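Derivation of every value follows stated rules applied to the coordinates shown; laboratory data play no part. Everything numeric in this text was worked out from a predicted model, so none of it was measured. Here the Cβ positions follow ideal geometry from the backbone for every residue, glycine too, while neighbour counts run over all protein chains shown.
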């Protein structure tokens, strides 16, 4: 039974609340609040109260409870996400999840893995000895090509800059409205909202052209074909609008977050040549002189640990929010219905209570089933509970196979000395992340 009054709160502006701190350095601010004010703290986004909850047991309770739905920020991005898995709720979400889930079974994942390997090896052949690359640009293009081929059976070579700029425009509009005292709707014609509207139109043109083409092509092995032919219990499928919403959600989740995970993991490896050498030795030991194949994936344990560790330190989805449908007790506090709760992977993944030497890049920590020994939500890069990311296995397979394909014959050295971020919906870099390449 809750007995405490309001949670502690850092000093804030009477009107702005904590918006200035959130705009200045949101990651440092969340970390400082958690360390100084405990596992439950009260923030204000302007006049809107938001509860920061960063204890794994409380996060698990929130993510598994039916009393919580996705928070208001996702509803601010309806133009982009529509009513796809990320933003839908209730019976509709459950129906869509059941229709989509078969697309991620083992047989389909193995076919997707062949595509991941093929595109990764093509990029390994594009790289030139001694050159310096903006690795975020490379990984964003690579994962977009993989996502387009596996999800839609489409080749989108040359579309990378268009898609990347469209996402930047949409994310800028979202961030501007999220950290604003006067939260204008998407339809209000500010310059950023207008750029975002045009950006979504460009993405829609790409997706609808693929959907319309595929309706006349017949069944294929990609995810879109599976969705086109999926039927629920009353033998109804998805409309073009529903297909668009799910395709947009999966396309964004299937390449943007994975690109960030690979970018930051490669940057870390470029700063730790000993770990990079160990990863390369594993790949060469497992693969030998053969081409990299799907069957090698399960044996690339250290490579997989490296991906897990990269996402621990730099989680692409750095915060997750929920809204309470009814009043509830969290951490001894009584929170009213409608409460917005925010849990921050960036903070929890670096908390010394759960992690030894938490700021150290140490993939070997994942040995001996670390994930099973941790509190469930001490590590949650893909969320948790029934709404855990449907593509989590896809993403881990992709991250592991891409690293294996690229680093088997390439050594990377980090030229960018320190990372800086522009957190939007994801943990985007604020500056180019540059690596120098050397063939080995």
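How much FRET efficiency would the formula 1/(1 + (r/R0)^6) give for residue 28 and residue 299, where r is the Cβ-Cβ distance and R0 is 51 Å, rounded to 0.05?
Details: r = 39 Å, r/R0 = 0.77.
The pair residue 28/residue 299 has a calculated efficiency of 0.80.
Rounded to the nearest 5, what is the percent of antiparallel bridges among the DSSP beta bridges in region 19-439? It would help to have the intermediate numbers written out before the result.
On the way: 27 of 30 bridges.
Percentage antiparallel, nearest 5: 90.
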Inter-centroid distance (Cα atoms) of region 335-398 relative to region 1-50, Å: 22 Å
Virtual spin-label span in nm between residue 209 and residue 368, 7 Å along Cα→Cβ: 5.5 nm
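Using a ≥ b ≥ c from the Cα gyration tensor of region 82-146 (square roots of the eigenvalues), is it rounded, prolate or oblate, where a/c under 1.5 gives rounded and otherwise the larger of a/b and b/c decides, a/b for prolate? Write out the running numbers ahead of the final one.
Working: a/c = 6.21, a/b = 2.07, b/c = 3.00.
The shape class here is oblate.
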Three semi-axes of the equivalent ellipsoid, region 219-327, Cα gyration tensor, whole Å, largest first: 36, 23, 12
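Add -39500 (n - 2.57) for each DSSP H run of 4 or more in the chain, then divide by its residues: what number comes out at 222 nm, to the nearest 500 deg cm²/dmol? Before the final figure, lay out each step's value.
On the way: 16 runs with 221 residues, N = 440.
When only DSSP H runs of four or more count, the value is -16000 deg cm²/dmol.
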Shape of region 109-150, Cα gyration tensor, a/c cut at 1.5: oblate
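Compute the FRET efficiency between residue 107 and residue 231 as 1/(1 + (r/R0)^6), taking r as their Cβ-Cβ distance and R0 = 30 Å, and round to the nearest 0.05.
Details: r = 19 Å, r/R0 = 0.64.
Efficiency, rounded to the nearest 0.05: 0.95.
If one computes P(r) from the Cα atoms of region 334-399, what percent of pairs lie at distances over 15 Å? Don't skip to the end; give the middle numbers.
Values: 1403 of 2145 pairs.
Every Cα pair in region 334-399 considered, those over 15 Å come to 65 percent.
Note the per residue figure in Å³ for the convex hull of the C-alpha positions in region 288-396.
Values: hull volume 14.2 nm³, N = 109.
Per-residue hull volume (Cα only) is 130 Å³.
Quick one, can you get me the convex hull of the C-alpha atoms of region 19-439 expressed as volume per residue in Å³?
145 Å³
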Residues of region 236-269 with amide N under 20 Å of the 7 Å Cα→Cβ point at residue 168: 252-253, 255-264
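Can you tell me the FRET efficiency between residue 422 and residue 354 if r is taken as the Cβ-Cβ distance and R0 is 35 Å, rounded to the nearest 0.05? Mind dumping the intermediate values first?
Working: r = 27 Å, r/R0 = 0.78.
Calculated transfer efficiency: 0.80.
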